[in-house]
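**Student:** Dumping the structure here so I can ask a few things about it.
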Amino acid sequence: MEASRDWVCIRLLTYESESEYKYMEQLLGVTDGTLPNTVFCLLSPDGKTKLTRPTRGPSIFRTPENMAFQMKSLASRYKSAVPNSFVAPVPLVDRVDLAMNVAASDNRPLVVFYHPSSPDLKRLVDSSKPVVWDAELIGQFMYAATSSKEDLKAMVNASGDAGVYIVEPDEYGVSGKIVRHVEFDKVAESLKRELSRALVNFQPFQKNHQQHIRDGYVFGIEWETVVPESDPMSVQAKRRFKSRFNGMD
């Protein structure tokens, strides 16, 4: 994590964005429609020059220590043009429902910024950047922002008031429980405190991979992606689970 501070780290959406899907296909050099679920590559600041061979994951480094060493070594070749006062944008997931699903998958709480006015929503998100990147909170939450009250329906007992909702997603990311709400005019004074409290009280789900998938079929839960899933290993595994489930009495 320390080595990553000198990099711009991007989590691509894979099957939730057609343009990103195509980019990852080109990056990995696979046949159309066969993209695996994960792709890893280090790129130069131009975003095009590959500094490492694209693979499914960072296993090419063999150990975390070697990966950190190589990342620091590669980053040292480039001089940062970012001033020390710069604070990165809030890493928002594209949609609230997708953010809920990702948060559940990562076993992390979710933060949803809401204001019916788009300009006020932008100000709300921008003003929260120092808290989001606070050393004690960095990487601990997923984030989304919306100006549509419809997006709040998946959150149990959402008041619809502007501000910041801190949510614990259910096991499958279909819905979430609001654990804290920071009112719009109190975000500056209260957001860090409320996020810290929510993090202390958060209890991640203890998941067994096969049981999790099996129970999903029992409950009738299946996520429909924007781009059809094409990871050969994942597709085959789903077929096996469906076959077993359909054969149950």
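The values are calculated or read from the model by the stated rules, or taken from the named source; none is laboratory data. No experiment lies behind these values; they were computed from the predicted model shown. Methodologically, a virtual Cβ is constructed for each residue, glycine included, from the backbone with ideal geometry; neighbour enumeration extends over all protein chains shown.
**Student:** Among the numbered conditions (1) of a type in the set (A, V, I, L, M, F, W, C); (2) out of contact with any strand residue (DSSP E or B) (no Cβ under 8 Å at 6 or more places or on another chain); (3) closer than 21 Å to Glu2 by Cβ; (4) free of Cβ contacts under 8 Å to residues at least 12 places away in the same chain, tell me where Met71 comes up short.
**Tutor:** (4)
**Student:** Given the residues Val167, Val182, which is the only one that is part of a strand (DSSP E or B), in contact with an Asp or Glu (Cβ under 9 Å, 6 or more places away or on another chain) and modelled with pLDDT of 90 or more? Outline the logic, then answer.
**Tutor:** Details: Val167 fails: in contact with an Asp or Glu (Cβ under 9 Å, 6 or more places away or on another chain).
None of the other options fit; the residue is Val182.
**Student:** Picking from Val131, Val102, which residue would you name as being more than 19 Å from Asp161 (Cα to Cα), at pLDDT 95 or above and assigned to a helix (DSSP H, G or I)?
**Tutor:** Details: Val102 fails: at pLDDT 95 or above.
Among Val131, Val102, only Val131 is more than 19 Å from Asp161 (Cα to Cα), at pLDDT 95 or above and assigned to a helix (DSSP H, G or I).
Yes/no per residue for (1) surrounded by 11 or more Cβ atoms within 10 Å (Cβ to Cβ); (2) within 28 Å of Met24 (Cβ to Cβ); (3) at pLDDT below 85:
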{"residue": "Ala188", "(1), (2), (3)": "yes, no, no"}
{"residue": "Leu191", "(1), (2), (3)": "yes, no, no"}
{"residue": "Phe205", "(1), (2), (3)": "yes, no, no"}
{"residue": "Trp223", "(1), (2), (3)": "yes, yes, yes"}
{"residue": "Val226", "(1), (2), (3)": "yes, yes, no"}
{"residue": "Asp231", "(1), (2), (3)": "yes, yes, yes"}
{"residue": "Val235", "(1), (2), (3)": "yes, yes, yes"}
{"residue": "Phe241", "(1), (2), (3)": "yes, yes, yes"}
{"residue": "Asn246", "(1), (2), (3)": "no, no, yes"}
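**Student:** Next up: Among all residue pairs at least 6 apart or on different chains, which show Cβ distances below 8 Å where the first residue, located in the stretch 83-104, is within 19 Å of Ser148 (Cβ to Cβ) and the second is at pLDDT 95 or above and part of a loop (DSSP other than H, G, I, E, B)?
**Tutor:** The qualifying pairs are Val90/Ser128; Ala103/Pro109; Ala103/Phe141.
Per-residue answers, yes or no, for (1) part of a loop (DSSP other than H, G, I, E, B); (2) farther than 23 Å from Gln140 by Cα; (3) acidic (Asp, Glu):
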position	(1), (2), (3)
Cys9	yes, no, no
Tyr15	no, yes, no
Glu20	no, yes, yes
Leu27	no, yes, no
Glu65	no, no, yes
Phe69	no, yes, no
Arg77	yes, yes, no
Val87	yes, no, no
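**Student:** Is it the case, given these coordinates, that Gly173 is at pLDDT below 90, at positive phi and either assigned to a loop (DSSP other than H, G, I, E, B) or of a type outside the set (D, E, K, R) (or both)?
**Tutor:** yes
**Student:** On to the next question. State all residues of the stretch 134-152 that are of a type in the set (A, V, I, L, M) and part of a loop (DSSP other than H, G, I, E, B); if no residue qualifies, say none.
**Tutor:** Step one: list which residues in the stretch 134-152 are of a type in the set (A, V, I, L, M), which gives 135, 137-138, 142, 144-145, 152.
Across the stretch 134-152, the qualifying residues are Ala135, Leu137, Ile138.
**Student:** Now for a separate question. Please list, ordered by first then second residue, the pairs with beta carbon atoms under 9 Å, 6 or more apart or interchain, first in the stretch 140-162 and among the basic types (Lys, Arg), second at pLDDT 95 or above and assigned to a loop (DSSP other than H, G, I, E, B).
**Tutor:** Lys149/Pro116
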